[in-house]
Amino acid sequence: MALPPPSPTTTALVTGASSGIGVELARQLAGRGHGVTLVARREAKLSALAAELGQAHGVRAEVVALDLTDAPARAGLPGTLAERGLTVDVLVNNAGFSTTGPVYRSDRAREITMIRTDVEAVADLCSLFLPGMVERGRGAVLNVASTAAFQPLPGQAGYGAGKAFVLSYSRSVRAELRGTGVTLTVLCPGPVKTEFAESAGFTPEESEGSLPKFMWVPAAEVARVALVGMEQGKGVVIPGFANRVGAQVGRNAPQQALATFLARQHPALK
Ligand SMILES: NC(=O)c1ccc[n+]([C@@H]2O[C@H](COP(=O)([O-])OP(=O)(O)OC[C@H]3O[C@@H](n4cnc5c(N)ncnc54)[C@H](OP(=O)(O)O)[C@@H]3O)[C@@H](O)[C@H]2O)c1
């Protein structure tokens, strides 16, 4: 089994646990008996979830409120958990967001913050926690990419490229981990109703109207499929049949022609 069994001194660290897919991943890990460490910036939301999970599942639910773009704060995470007597056996790099619109009209600071959150923090937390997992010969990592990882995404250029990084990086690190007792799975969801669309600047009409209904998968189902995939030791998990087909098409289509086509469809480029 690729997900290590829960224990009182181990924890599943979930980033982006204040909203959406991260909340569901934390809920379902707790439902399986794992203690959880909830990481994001909005402390009140993390504390409310920690209280819910402690009560519902009798697990230890820790809160660490921090900004993942803050490198020293990230570096302090293993020490903070060690002080609380906890070892990270499961690492879920889920936090992320997207900007929208053409890069030639972008907000420079927000573009860089996105890359720090979606790319830099994922790689840094892997560097921080994988050595201990390999030393113990036990651990599982879930990196959250997107179906956007399989193709260019004009209108969300930096986001798509960041998720392509997460996918490629995860595949390589997974191969490096072979034989160590540690596994890595990359989750590539299609559209999911969370705070994501609003934080990216889409109106509800734009987000719901731009993609067909059959592609949308509820956050709880995305989390369920991800954890089953981890349990089965899968490398790449794409929730939903339509999204698996879409990813295949995105991967195999001529990339520049696809980018030109998608640029005509994207609501943020109209
Ligand atoms: N929803 C979709 O359609 C979709 C599709 C494919 C992939 N994904 C990916 O799934 C993951 C989760 O997204 P979601 O849909 O659940 O979106 P969401 O509801 O907006 O949640 C994003 C989470 O990331 C956290 N976060 C953002 N910036 C952060 C920072 N600087 N430091 C710490 N935490 C930060 C947010 O917490 P705070 O604001 O409290 O910090 C929040 O908990 C993301 O990686 C996203 O790219 C989403």
Can you tally the net charge around V134? Count Lys and Arg as +1, Asp and Glu as -1, for every other residue whose Cβ sits under 14 Å from the Cβ of V134. +1
Hydrodynamic radius (Kirkwood) for region 78-163, which is based on Cα pairs only, to one decimal in Å: 14.5
Quote the Stokes-Einstein diffusion coefficient, in whole µm² s⁻¹, for region 134-247, based on the Kirkwood radius over alpha carbon pairs, a temperature of 37 °C and a viscosity of 0.692 mPa s. 219
With a length cut of 27 Å (Cα positions projected on each helix's long axis) and a Kyte-Doolittle mean of at least -0.5, go through the chain and give me the DSSP H helices that pass. 157-176
What are the extents of the Cα atoms of the chain along their three principal axes, listed from largest to smallest and rounded to whole Å? 53, 39, 33
Looking only at lysines whose Cα falls under 26 Å of K234's and that sit 8 or more positions away or on another chain, we get K163, K193
Counting only residues 5 or more places away or on other chains, whose amide H sits under 5 Å from the amide H of V63 once H atoms are built in the peptide plane? L38
Per DSSP helix of 4 or more residues, -39500 (n - 2.57); summed, then divided by the residues of the chain. What does that give at 222 nm, rounded to the nearest 500? -14500 deg cm²/dmol
Sort 13-21, 63-71, 251-259 for me by packing, meaning the mean count of neighbouring Cβ atoms within 10 Å per residue, highest on top. 13-21, 63-71, 251-259
Debye, to nearest 20: dipole size of the chain, +1 on Lys, Arg Cβ, -1 on Asp, Glu Cβ: 560
Proximal aspartates and glutamates to K45, defined as alpha-carbon separation beneath 17 angstrom and excluding residues fewer than eight positions away on the same chain: E24, E62, D67, E195
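We did not get these values from a lab; they are worked out from the coordinates using the rules stated. Quantities reported herein were computed from a predicted structural model and do not represent experimental measurements. So basically every Cβ, Gly included, is an ideal-geometry build from the backbone, and we count neighbours across all protein chains shown.
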